[in-house]
1. Let me spell it out: the conditions are (1) surrounded by 23 or more Cβ atoms within 10 Å (Cβ to Cβ); (2) among the small types (Gly, Ala, Ser); (3) under 28 Å from Thr89 (Cβ atoms), and Gly202 meets all of them except one. Which number is the exception?
2. Taking into account only those residues within the range 427-461 that are outside any loop (DSSP other than H, G, I, E, B), under 23 Å from Leu134 (Cβ atoms) and open to solvent by 30 Å² or more (accessible area, probe 1.4 Å), which is nearest to the ligand (Cβ to nearest atom)?
3. Yes or no: the range 295-318 includes at least one residue that is within 16 Å of the ligand (Cβ to nearest atom) and in contact with a strand residue (DSSP E or B) (Cβ under 9 Å, 6 or more places away or on another chain).
4. Against the definition (among the aliphatic types (A, V, I, L, M), open to solvent by less than 40 Å² (accessible area, probe 1.4 Å) and not in a strand (DSSP E or B)), how does Val368 come out, yes or no?
5. Looking only at the range 246-285, count every residue that is part of a loop (DSSP other than H, G, I, E, B) and of a type in the set (Val, Ile, Thr) and tell me the total.
6. How many residues, within the range 301-340, are open to solvent by 30 Å² or more (accessible area, probe 1.4 Å), of a type outside the set (Phe, Trp, Tyr) and either out of contact with any Leu (no Cβ under 6 Å at 6 or more places or on another chain) or part of a helix (DSSP H, G or I) (or both)?
7. Which ones in the range 205-218 are touching a helix residue (DSSP H, G or I) at 6+ places or on another chain (Cβ under 8 Å) and open to solvent by 10 Å² or more (accessible area, probe 1.4 Å)?
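The values are calculated or read from the model by the stated rules, or taken from the named source; none is laboratory data. As the structure is a prediction and not an experimental result, all values here were calculated from the model. Ideal geometry is used to build each Cβ from the backbone, glycine not excepted, and the neighbour counts take in all protein chains shown. Ligands, DNA and RNA are stripped out before the accessible areas are found, and what is left, the full protein with its side chains, is counted by its heavy atoms. Shrake-Rupley method; radii C 1.70, N 1.55, O 1.52, S 1.80 Å.
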Amino acid sequence: MRNIDRIYIDGAFVTPHGSARFDLFNPATEDRIGSVRLGDAEDVRLAVAAAKRAFPAMARTSKAERIAMLHRLRDAVKARAGDLIAAMTEGYGAPAYFTGFSVQNTASVFDVMATSVENYAFERVAGSSAVTMLPLGVVGAITPWNSNFGFIATKLAHAIGSGSTIVIKPAEQSAIQTQVLLECLHEAKLPKGVLNVVNGTGPEVGAALTTHPDVALISFTGSTPAARIVQRAALETMKRLVLELGGKSPTIILDDADLDAAIPIALMSGFANSGQACVAGSRILIPRSRREEILARLKDETERLRIGNPADPEVRIGPLANAAHWERVQGWIRLGQEEGAMLLTGGEGRPEGLDHGWFARPTIFTEVAGTMRIAREEIFGPVLSVITYDDEAEAVAIANDSDFGLQAYVLSSDEPRALRVARQLMAGRVVINGAPHDPHAPFGGFRQSGLGREIGAYGLDAFLEPRAILTPAA
Ligand code: NAD
């Protein structure tokens, strides 16, 4: 049983002012595994005050000092990789193939930021003026449960790289992950007040952060509906915003695709992290000319995916994060049928042989019209929609016909052709033929998938403000 009773303010683990508790569960077993004591608005006030005190010194740090901090953070995270993986598996049932990647990526965001700082031009010239890229001040960051420690690290890396200080409100249900990560980060011995973390709910701690007059920028990762509330709250004090939100990403299987390679990639993208991934390829676009063959392969390979204990490296689908989310996903599966889509595989209820744990059946709908809610809204579970197209132009049109634009996937045996299609897609990232993750590529979305970008110079730009100094001509 893990009871998390401390938050992190001004370089120390402290007891929060807030006293409410939130229970934590293992979704694979439904067992209660601990609880977290939640902070409140007073804790946010103290954390922001600490970050504000630390800001002037942090803003003056040199590139070399920031890079040294980033390297210490990287090393501190690597030292506890096993504990972080265990916390993620137990805390929301993320499958082992995904947790391994997440920990590696968490350490690498510090490295990537160190390289970006090295190469970034903080001092520039525009016309005859000297331009300096200045840190904004105190950053408020909010993270989602599906990638909690990864985004704590990403947002902290951007704060350090830009010379800002930060107050983070992690996802409350990820408190064990947050605690393990904080123990790592504490070992990196950042100057006091540079990093502050307040556990708490969105409506209380999140709202206190997004309305605080001393917070200059909100870096939020989560759902599009919550981001609308954040954006409204931030409006009053003109906070800068970086919003990394949901998606309904298309996977276009072109008619020349090698299905031996394409089908596993399409399913891996669609069911990534049991479908609980912002970048999940949840719309699979298939050519009418190969429809029957592709549907047969999708059905067969989905039914062979191993579902169960997320710690098992062979498992591809783990449980959903919590009971309420399981119910929500069941509702989507019912809705798809009511809307007139047909079940190719899956459906409501638990997978065969799993009578407890919040496991859902990997589900694929066919006969999906682009107007149906299952084709337009983010489900965030293992539920995919197959949409048939007649030609390449129609595939591109369907892919772009979305309120979202986070990621897209193109599968083809002809790479120049895939590239031609990719260039027509309106998404923050387009992945061709299952290309591996590029930790240096900008990350973020078009349309309602977000605002701004993270990673590299793009990420630093969003955390900085240009100041031009104009002098009389000599
Ligand atoms: P969520 O929007 O419910 O919560 C995200 C965070 O926002 C949590 O910490 C929550 O407590 C907080 N929050 C909720 N209401 C708030 C409010 N009124 N004010 C301030 N903070 C508030 O999302 P979730 O269920 O935790 O995560 C899943 C969502 O996150 C999905 O939509 C997914 O696509 C998205 N996501 C996006 C990315 C990305 O980089 N684009 C990455 C991971 C997840």
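1. (1)
2. Selected residue: Leu451.
3. Yes.
4. So Val368 fits the description; yes.
5. Number satisfying all stated conditions: 1.
6. Adding up the residues that qualify gives 22.
7. Correct list: Ala207, Ala208, Thr211, His212, Asp214.
The rows are residues; the columns are (1) more than 14 Å from the ligand (Cβ to nearest atom); (2) closer than 26 Å to Ile33 by Cβ; (3) at pLDDT below 95; (4) open to solvent by less than 10 Å² (accessible area, probe 1.4 Å).
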| site | (1), (2), (3), (4) |
| --- | --- |
| Arg124 | yes, no, no, no |
| Val131 | yes, no, no, no |
| Gly140 | no, no, no, yes |
| Phe151 | no, yes, no, no |
| Ser164 | yes, no, no, yes |
| Val167 | no, no, no, yes |
| Ser174 | no, yes, no, yes |
| Gln179 | yes, yes, no, no |
| Cys184 | yes, yes, yes, yes |
